[in-house]
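Asks: Encoded as structure tokens, here's the structure I'll be asking about.
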Amino acid sequence: MTTTTAAPAVSGLDGEARISEEAFQAIKADVTAWVEGPGEAYADEIEATGQVPDGLLPELRDRGYLSLAAPVELGGRGIPFSRYLELMEIVSRSHASIRMLVHVINGTWRAMVPFATPAQMDEIVKPSIAGTKLVAFTLTEATAGTGQDLRTTARLEGDTWYLNGEKHLITFGVKCDYWLIAARIEGSTDKEGFVAFLMPNTGLPGAEVIDDSETMGVRGTDHAILRFTETPVPNSALLGEQGDGLKVALGGFLLPSRVSVAMSAVGLAERAQQLAVEYANKRETFGKKLSSRQAIQFYLAENYADIAAARALVIEAAKAYEEDRADAGVLSSASKMIAVDMLARVTDKALQVHGGQGYWKRNKIERVYRDARAQRFEEGTNEIQKLVVGRAVVTGAVDY
């Protein structure tokens, strides 16, 4: 196993630690080599067993892939968000469960850092960045759709909160060390009535964890349904202040995470295109390679343009987030909306290039096609993204 130490950084114009271009290119080459080598072997093993191997997370941690984006002073590698997405693009060409680990662990710290107490920083945030403790983002509910209509409630009595409600589709919710959970203060009705907690996954009274990991794609990643009935949570687990819950969940995590998911769609689409090109150059019908046929060339040309256009929008959204621009939120939603639709078109055409062969599990395009579907609802469906973008357009909140 190769251990990668944190790369040297230089000071940027904004005063933050910035990785040198030479160091970044070295990391990029290292990630690419791993994805195309050991990453492919892990992908085959995950598909064969339906489980993420025990050695995968430690290997990702030891190679520094779980602390790419966090600040150097917190134990990260200080890679700016837009450059980090270049690495996420490469990782996303690998198995979806590998991508999920890198994506989540490189993102949850953003929600925690602005609100964490010194004790939470030492006990949870820094170990999460180091990859020694796993934090599951816990927002989604079966009866809520936007985040602002949460029905899980929290009631404070003395120094203890009591949690009631249900969460579902919680990635890493079974095996994580902590849940980063958002809830509504019991009896509140406005946007300020939300709280967030960093709760240990340690068999709390009234907390039921249901393994819900049998999915169409993204095999190997665990997912949970969580049910809370008068579950006691100490006030020390509160992340931020009362009323900060939505700031933690929506601004701290979801906004940049949507851009990361959008780039994940770009990376997976690139993998689908790569597989389609390889197959078209190999497969012969009536004495001619598929790649010589105009219909196939049209598919591949459309895919190329689709991927390039989506990637450009994702990079623009990433820069808007980096620069704290007013349009960062709407670009985040727009980039995910465009990228996941692009991914659906590209993977469909890539599968069609393979013909009937692509339907069999022995061909990698079959897994890519299944994995691609998950990103259509990850971090909010396209219908939600369209609401965000549409409201910004009709209110004049965006410029052209």
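The values are calculated or read from the model by the stated rules, or taken from the named source; none is laboratory data. Being a predicted model, the structure only gives us computed values, none of them experimental. Every residue, glycine as well, gets a Cβ built from its backbone with ideal geometry; the counts of neighbours run over all protein chains shown. In case anyone asks, the SASA skips ligands and DNA or RNA and just uses the protein heavy atoms, side chains included. Shrake-Rupley method; radii C 1.70, N 1.55, O 1.52, S 1.80 Å.
Asks: Tell me which strands (runs of 3 or more DSSP E) are completely within the stretch 107-174 and hold 3 or more residues being hydroxyl-bearing (Ser, Thr, Tyr), or say none if there are none. Step through it out loud before you land on a result.
Replies: Details: elements: 135-138, 153-157, 160-171.
Counting at least 3 such residues, we get 160-171.
Asks: On to the next question. Quick one: which residue in ALA309, ALA318, ALA326 is under 20 Å from PHE253 (Cβ atoms), out of contact with any helix residue (DSSP H, G or I) (no Cβ under 6 Å at 6 or more places or on another chain) and of a type in the set (Gly, Ala, Ser)? Before you say what the answer is, go through the steps one by one.
Replies: Values: ALA309 fails: under 20 Å from PHE253 (Cβ atoms); ALA318 fails: out of contact with any helix residue (DSSP H, G or I) (no Cβ under 6 Å at 6 or more places or on another chain).
Testing whether each residue is under 20 Å from PHE253 (Cβ atoms), out of contact with any helix residue (DSSP H, G or I) (no Cβ under 6 Å at 6 or more places or on another chain) and of a type in the set (Gly, Ala, Ser) leaves just ALA326.
Asks: Take the residues in the stretch 42-68 that are assigned to a loop (DSSP other than H, G, I, E, B) and open to solvent by 10 Å² or more (accessible area, probe 1.4 Å); name whichever of them is nearest to LYS126 (Cα to Cα). Let's see the steps before the verdict.
Replies: We begin by selecting, within the stretch 42-68, every residue assigned to a loop (DSSP other than H, G, I, E, B); these are 50, 52-55, 63-68.
With open to solvent by 10 Å² or more (accessible area, probe 1.4 Å) added as a condition, the list becomes 50, 52-55, 63, 67.
Working: GLY50: 30, VAL52: 24, PRO53: 24, ASP54: 22, GLY55: 21, ARG63: 17, SER67: 10 Å.
Out of the qualifying residues, it is SER67.
Asks: Return the total of residues in the stretch 229-248 being crowded, with 24+ Cβ neighbours inside 10 Å and in a helix (DSSP H, G or I).
Replies: 2
Asks: Identify, please: which residue in the stretch 314-330 is free of Cβ contacts under 8 Å to residues at least 60 places away in the same chain and within 17 Å of ARG83 (Cα to Cα) and is, among those, most open to solvent (accessible area, probe 1.4 Å)?
Replies: Residue satisfying both the conditions and the ranking: ASP324.
Asks: Moving to a separate point now. Within the stretch 275-292, how many residues turn out to be closer than 11 Å to VAL353 by Cα and either aliphatic (A, V, I, L, M) or open to solvent by less than 70 Å² (accessible area, probe 1.4 Å) (or both)?
Replies: Quick first cut of the stretch 275-292, residues closer than 11 Å to VAL353 by Cα only: 275-281, 283, 290-291.
Checking the rest, the ones that are also either aliphatic (A, V, I, L, M) or open to solvent by less than 70 Å² (accessible area, probe 1.4 Å) (or both) come to 275-277, 279-280, 290-291.
Qualifying residue count, the stretch 275-292: 7.
Asks: Might you check whether a residue that is within 20 Å of the chain's Cα centre (by Cα), touching a residue at least 60 places away in the same chain (Cβ under 8 Å) and part of a helix (DSSP H, G or I) occurs anywhere in the stretch 347-356?
Replies: Our first condition is that a residue be within 20 Å of the chain's Cα centre (by Cα); within the stretch 347-356, this holds for 347.
Filter once more, so that each one left must be touching a residue at least 60 places away in the same chain (Cβ under 8 Å): 347.
Among the residues that remain, those that are also part of a helix (DSSP H, G or I) are: 347.
Yes - at least one qualifying residue is present in the stretch 347-356.
Asks: Mind checking which residues of the stretch 57-106 are closer than 24 Å to ARG370 by Cα, of a type in the set (Asp, Glu) and out of contact with any Lys or Arg (no Cβ under 7 Å at 6 or more places or on another chain)?
Replies: Matches in the stretch 57-106: GLU89 only.
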